[in-house]
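Single-structure report; data block below.
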Amino acid sequence: MSEPVVTRWWWIRHAPVVGTHGRVYGQMDVECDVSDVASFKALAHRVPDGALWFATPLSRTQRTAAAIAEQLKAAGRPSIPKPVIEPAFLEQSFGEWQGKTYREIGAYGQTAEAHRFWLAPATETPPGGESFAAVVERVGQMFSTLSQRHAGRDIIVVSHGGAIRAAVAHAIGITAEAALAVSVDTLSLTRLDHIEGPGKGHNWRLGLLNWPAP
């Protein structure tokens, strides 16, 4: 019997954002704080050598990847390639809500339809934006494509809370609404393994979820 082919995905949420003053930022390109050296050292210690690296078009994911790379270099580890920029792993677009405060958009208790964990139910599309359900579809399609294209590799993605929740939903087969209850903290690590080969059952395994960096 042939051995299974395991593709390990290491998802890292970017560093904490700064300067948003309580405003919804979504796909806005905002600054992040990369001063927490201890967290970047911890992440550098946990990620594997020889991996493929991906980030999103937003600077906070690229700066986070660079900060991890700096700690890998300091530890004498092999240098990492410049991350491939993948728009499919972007945060949810909140459209016209971006740049507004939670009170201005009526979230978190300001309306009868307020959501416990997110800005809106998974199927609700903000004006000019996309629903979280659409994010699950967007992330899931590229997740599957790259799992086949790079089967057997380690793949590190520096991404966003919403996209990582979407990846978890796709991998373990939960609904988009259920995935909104998944916590994904900044600089946390989530690992999802795609297992292709003999045997019955699911192709995905959840290895780590929201593992804090320090």
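We did not get these values from a lab; they are worked out from the coordinates using the rules stated. A quick note: this is a predicted structure, and the numbers were derived from the prediction, not measured. Quick reminder, even Gly has a Cβ in these numbers, built from the backbone with ideal geometry, and neighbours come from all protein chains shown.
Considering only the Cα atoms of segment 49-91, their convex hull presents on average a projected area of 2.9 nm².
Based on Cα contacts under 8 Å between residues 6+ apart, segment 5-211 shows a relative contact order of 31 percent.
A straight Cα-to-Cα reach below 24 Å connects Lys82 with the lysines Lys41, Lys73, residues fewer than 8 places away in its own chain not being considered. With a cut-off of 12 Å between beta carbons, the residues surrounding Ala133 carry a summed charge of -2, where Lys and Arg count +1 and Asp and Glu -1. Anisotropy class assigned to segment 103-196 is prolate, per the alpha carbon gyration tensor with a/c at or over the 1.5 cut-off and a/b larger than b/c. By the count of neighbouring beta-carbon atoms within 10 Å, fewest first, Lys100, Lys82 end up ordered Lys82, Lys100. Can you give the net charge of the other residues whose Cβ lies under 15 Å from the Cβ of Pro87, counting K and R as +1 and D and E as -1? Once all neighbours under 15 Å are counted, the net charge is -3.
Taking the DSSP bridge list for segment 5-211 and keeping only pairs wholly inside it, about 60 percent are antiparallel. Over the chain, the fraction of Cα-Cα pairs per 5 Å bin, rounded to whole percents and listed from the shortest bin up, is 1, 7, 15, 19, 20, 16, 11, 7, 3, 1, 0, 0.
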